[in-house]
There are 2 protein chains.
Amino acid sequence: MSLVIVGSVAFDTIRTPWGKRDRIVGGSGTYFSLAASFFTRPKMVAVVGEDFPPEVIDLFKSRGIDTAGLEIRPGRTFHWEGHYGYDPNQRETISTELNVFRDFRPVLPNSYRDANIVFLANIDPDLQDSVLAQVRRPELVAMDTMNLWIASKPESTWRVLKAVDILFANDEEIRMLTQETNLIKAGRKILAAGPRLVVTKKGEHGALLFGKKFVFGVLGHPCEDVVDPTGAGDSFAGGFLGYLDKVRKFTRPEIRRAAVYGSVLASFAIEDFGIERFKSLRPDEVESRFRLFRRLVSF
Amino acid sequence: MSLVIVGSVAFDTIRTPWGKRDRIVGGSGTYFSLAASFFTRPKMVAVVGEDFPPEVIDLFKSRGIDTAGLEIRPGRTFHWEGHYGYDPNQRETISTELNVFRDFRPVLPNSYRDANIVFLANIDPDLQDSVLAQVRRPELVAMDTMNLWIASKPESTWRVLKAVDILFANDEEIRMLTQETNLIKAGRKILAAGPRLVVTKKGEHGALLFGKKFVFGVLGHPCEDVVDPTGAGDSFAGGFLGYLDKVRKFTRPEIRRAAVYGSVLASFAIEDFGIERFKSLRPDEVESRFRLFRRLVSF
């Protein structure tokens, strides 16, 4: 199997009630790939500037991430600044400098085109579309999106949505997409348009998965120290799809387990700033927290 | 076993995006007792005015609820008016007419004083205290509270808190009580003060239970039609403690099941305005939804 991810690799400046970090490495592609790397060897498509630290690219490689699709262009790396309050589900974007991301036209290396699973992280839906045109016969395509694209490019967003199997989105985005406040009704509208599965991310409250005749809920890990919520959603998707790429089965029991692994990886991501926690995370810690999630909900 | 509940029996005027109802029967004591009546014969302590419909008291009796402690006083019944928006977790109190509730001094009938389980619904903590003084040797005491009492009578609230085994509260109340934003740290502060268990109610997101070496999460039922969220928390507590009163064991496996029954009863309460859904609810529907909750989280 192989898993291709298209997203951002970026610098983030982050302030939370627990501290501040300047220009640390982040981005949807980064979090997704690191989380997925605990299960498989994800193939990353992204762009960075010449200011991007080579040792982070070495880190990606050391985690088994394929960086053939990581373009290094003249100029500066995408930079996002955001602040979080005490409620980790609320964040405010302070500034977004697109830099080399402005002209990003994802081109898949030949070795990526036979991907079995494709994840279109939260980027311009027209770019998501262009990526889909470059893969031959993926078995599973998943997408993320955000309010910016839903508002500014609703037609493109829906066009991509109709072509994918799984939508990852938070509850606000799903309500915005469907103009339906009830999440189950909203989920049903999306399922009617094409996707087989809607994964509603609810931050600290976990996630709800809806299929046509399937519903599954996974909790967030009751976490004592949410140091930095950045990347939780992409780590969730990375754990989810990384696990599915490993087991090579898209059955309901595997999808349930995939969602729990997603929640497990997200729960580690938020324990430290940026990608710090992933640097020290061991596979046995992942397995141990997976078992803890089972105890957490068993009755 | 026997279960005593002290709370309000009231008229509610409710507006939600799905409709409006004038002066329908509600109150914490009402929802709690009806929910608990699916498992045991709760003994109700409350006060109503002469305008309270006798047929609702007949309904209580027909559900096996002991109304010996339901005082009927000259005057009008407590009346609350509230509005809900599209987010069922947000509610606005429009008016509160205490009426006969203003001079409520709960007096327990003799037949109530040997209660094994006592539930102190959300009333003035000094009244909660006076109820505790009237029961002989309860095995389990649980309380609810609200921001009003935490702000206006913090010392009384903490005094009751220290005397109970279980605190039911929503996340905002727990944060306010402890002045701690992280729910786990907040829970630990409360456990240090006396209670053995903190039940954090999270509305549509379910509930998290914390003990000293115990954590359990239960989801909310993914519900297509939240018609009226009023009484969800009290129905949760009623299902929870009603079940514990039935099984007569306070072990961890039973507490897990109790929490799921709590979530089940809450999920029915919100399907119709006021107590309507409880009038038609059958025990087999309760059992069937309990099994559905298991499927919802199993992996």
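The values are calculated or read from the model by the stated rules, or taken from the named source; none is laboratory data. These numbers were taken from a predicted model, which means no experiment stands behind them. Cβ coordinates were reconstructed from backbone atoms using ideal geometry, including for glycine residues, and neighbour counts include every protein chain displayed.
Can B:G231 be described as more than 10 Å from chain A (Cβ to nearest Cβ) and within 17 Å of B:K162 (Cα to Cα)? Talk me through it step by step, then tell me what you get.
On the way: more than 10 Å from chain A (Cβ to nearest Cβ): yes; within 17 Å of B:K162 (Cα to Cα): no.
No, not satisfied.
Output the number of the condition that A:K185 fails; it satisfies all remaining conditions of (1) out of contact with any helix residue (DSSP H, G or I) (no Cβ under 7 Å at 6 or more places or on another chain); (2) assigned to a strand (DSSP E or B).
All conditions pass for A:K185, except number (2).
Go through region B:30-71 and give me each residue that's β-branched (V, I, T) and in contact with a Pro (Cβ under 9 Å, 6 or more places away or on another chain). Talk me through it step by step, then tell me what you get.
Step one: of region B:30-71, the residues β-branched (V, I, T) are B:30, B:40, B:45, B:47-48, B:56-57, B:65, B:67.
The answer is B:V45, B:V47, B:I65.
Please specify each residue of region A:120-150 satisfying the condition of being over 21 Å from A:N170 (Cβ atoms) and in a helix (DSSP H, G or I).
A:D126, A:D129, A:S130, A:V131, A:L132
For region B:258-277, name all the residues that are closer than 15 Å to B:L208 by Cα and either away from chain A (no Cβ under 14 Å) or surrounded by fewer than 18 Cβ atoms within 10 Å (Cβ to Cβ) (or both). I'd like the intermediate steps shown before the answer.
First, pick out the residues of region B:258-277 that are closer than 15 Å to B:L208 by Cα: B:258-264, B:266.
Once the filter is applied, which keeps residues that are closer than 15 Å to B:L208 by Cα and either away from chain A (no Cβ under 14 Å) or surrounded by fewer than 18 Cβ atoms within 10 Å (Cβ to Cβ) (or both), region B:258-277 yields only B:A266.
Cβ contacts < 6 Å: first residue among the acidic types (D, E), restricted to region B:241-265; second residue surrounded by 19 or more Cβ atoms within 10 Å (Cβ to Cβ), any location; separation 6+ or different chain. Result?
Pairs found: B:D245/B:L3; B:D245/B:T40; B:D245/B:I117.
For region B:155-197, name all the residues that are away from chain A (no Cβ under 14 Å) and on the phi > 0 side of the Ramachandran plot.
Scanning region B:155-197 gives a single hit, B:G194.
Of the residues in region B:151-169, how many are surrounded by fewer than 20 Cβ atoms within 10 Å (Cβ to Cβ) and either out of contact with any strand residue (DSSP E or B) (no Cβ under 9 Å at 6 or more places or on another chain) or not in a helix (DSSP H, G or I) (or both)?
Adding up the residues that qualify gives 10.
State yes or no: is A:P229 modelled with pLDDT of 95 or more and part of a loop (DSSP other than H, G, I, E, B)?
Values: modelled with pLDDT of 95 or more: no; part of a loop (DSSP other than H, G, I, E, B): yes.
Against the criterion (modelled with pLDDT of 95 or more and part of a loop (DSSP other than H, G, I, E, B)), A:P229 does not qualify.
Identify, from the list B:F250, B:F236, the residue that is of a type outside the set (D, E, K, R), in contact with a strand residue (DSSP E or B) (Cβ under 7 Å, 6 or more places away or on another chain), under 19 Å from A:L219 (Cβ atoms) and away from chain A (no Cβ under 14 Å).
Only one candidate passes the filter, namely B:F236.
So which residues in region A:268-294 are part of a helix (DSSP H, G or I) and either within 17 Å of the chain's Cα centre (by Cα) or closer than 18 Å to A:T13 by Cα (or both), if there are any at all? So that I can check it myself, show each step before the final result.
Here is the first cut: in region A:268-294, the ones part of a helix (DSSP H, G or I) are A:268-269, A:276-280, A:283-294.
Selection gives A:F268, A:A269, A:E276, A:R277, A:F278.
Can you tell me which residue is farthest from A:V4 (Cα to Cα) among those in region A:66-118 that are of a type in the set (F, W, Y) and part of a loop (DSSP other than H, G, I, E, B)? Steps first, answer last, please.
Filtering region A:66-118 down to residues of a type in the set (F, W, Y) leaves A:78, A:80, A:84, A:86, A:101, A:104, A:112.
Adding the requirement that they be part of a loop (DSSP other than H, G, I, E, B) leaves A:78, A:86, A:104.
Details: A:F78: 21, A:Y86: 35, A:F104: 17 Å.
Among residues in region A:66-118 that are of a type in the set (F, W, Y) and part of a loop (DSSP other than H, G, I, E, B), the one farthest from A:V4 (Cα to Cα) is A:Y86.
Out of region B:218-255, which residues are more than 29 Å from B:E92 (Cβ to Cβ) and surrounded by fewer than 20 Cβ atoms within 10 Å (Cβ to Cβ)? Step through it out loud before you land on a result.
First pass over region B:218-255, keeping only residues more than 29 Å from B:E92 (Cβ to Cβ): B:242-255.
Scanning region B:218-255 gives B:K246, B:V247, B:R248, B:K249, B:F250, B:T251, B:R252, B:P253, B:E254.
Can you confirm whether region B:97-105 contains a residue that is touching a residue at least 40 places away in the same chain (Cβ under 8 Å), on the phi > 0 side of the Ramachandran plot and of a type outside the set (V, I, T)?
Initial filter on region B:97-105 (touching a residue at least 40 places away in the same chain (Cβ under 8 Å)): B:99-101, B:104.
When the remaining residues are screened for being on the phi > 0 side of the Ramachandran plot, the result is B:99.
Then drop every residue that is not of a type outside the set (V, I, T), which leaves B:99.
The answer is yes, given that some residue of region B:97-105 is touching a residue at least 40 places away in the same chain (Cβ under 8 Å), on the phi > 0 side of the Ramachandran plot and of a type outside the set (V, I, T).
Scan A:F216, A:F168 and give me the residue that is in contact with an Asp or Glu (Cβ under 6 Å, 6 or more places away or on another chain), at pLDDT 95 or above and within 30 Å of B:F210 (Cβ to Cβ). Outline the logic, then answer.
Values: A:F216 fails: in contact with an Asp or Glu (Cβ under 6 Å, 6 or more places away or on another chain).
One residue alone meets the criteria, A:F168.
Of everything in region A:110-133, what is more than 17 Å from A:I166 (Cβ to Cβ) and in contact with a helix residue (DSSP H, G or I) (Cβ under 8 Å, 6 or more places away or on another chain)? Give them in sequence order.
Our first condition is that a residue be more than 17 Å from A:I166 (Cβ to Cβ); within region A:110-133, this holds for A:110-114, A:124, A:126-127, A:130, A:133.
Scanning region A:110-133 gives A:D124, A:D126.
Taking into account only those residues within region A:278-299 that are aliphatic (A, V, I, L, M) and within 13 Å of chain B (Cβ to nearest Cβ), which is surrounded by the fewest Cβ atoms within 10 Å (Cβ to Cβ)? Step through it out loud before you land on a result.
In the first step, residues of region A:278-299 are kept if they are aliphatic (A, V, I, L, M); the result is A:281, A:286, A:292, A:296-297.
With the extra rule that they be within 13 Å of chain B (Cβ to nearest Cβ), the set shrinks to A:292, A:296-297.
Details: A:L292: 14, A:L296: 21, A:V297: 24.
Filtering region A:278-299 for residues that are aliphatic (A, V, I, L, M) and within 13 Å of chain B (Cβ to nearest Cβ), the one surrounded by the fewest Cβ atoms within 10 Å (Cβ to Cβ) comes out as A:L292.
Every residue, every condition in (1) of a type in the set (K, R); (2) free of Cβ contacts under 8 Å to residues at least 12 places away in the same chain, yes or no:
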{"site": "A:G217", "(1), (2)": "no, yes"}
{"site": "A:P222", "(1), (2)": "no, no"}
{"site": "A:F236", "(1), (2)": "no, no"}
{"site": "A:A269", "(1), (2)": "no, no"}
{"site": "A:R291", "(1), (2)": "yes, yes"}
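Hey, could you check region A:199-216 for residues that are among the β-branched types (V, I, T) and crowded, with 24+ Cβ neighbours inside 10 Å and say which is farthest from the other protein chains (Cβ to nearest Cβ)? Let's see the steps before the verdict.
We begin by selecting, within region A:199-216, every residue among the β-branched types (V, I, T); these are A:199-200, A:215.
Among the residues that remain, those that are also crowded, with 24+ Cβ neighbours inside 10 Å are: A:199-200.
On the way: A:V199: 13, A:T200: 9 Å.
This residue is A:V199.
Scan region B:10-18 and give yes if some residue there is of a type outside the set (D, E), out of contact with any strand residue (DSSP E or B) (no Cβ under 6 Å at 6 or more places or on another chain) and at pLDDT below 95, otherwise no. If you could, list the steps in order and put the result at the bottom.
As a first pass, look at region B:10-18 and keep what is of a type outside the set (D, E): B:10-11, B:13-18.
If we keep only those that are out of contact with any strand residue (DSSP E or B) (no Cβ under 6 Å at 6 or more places or on another chain) too, we end up with B:17-18.
Pick out the ones that are also at pLDDT below 95 and you get B:17-18.
Scanning region B:10-18, I find at least one residue that is of a type outside the set (D, E), out of contact with any strand residue (DSSP E or B) (no Cβ under 6 Å at 6 or more places or on another chain) and at pLDDT below 95, so the answer is yes.
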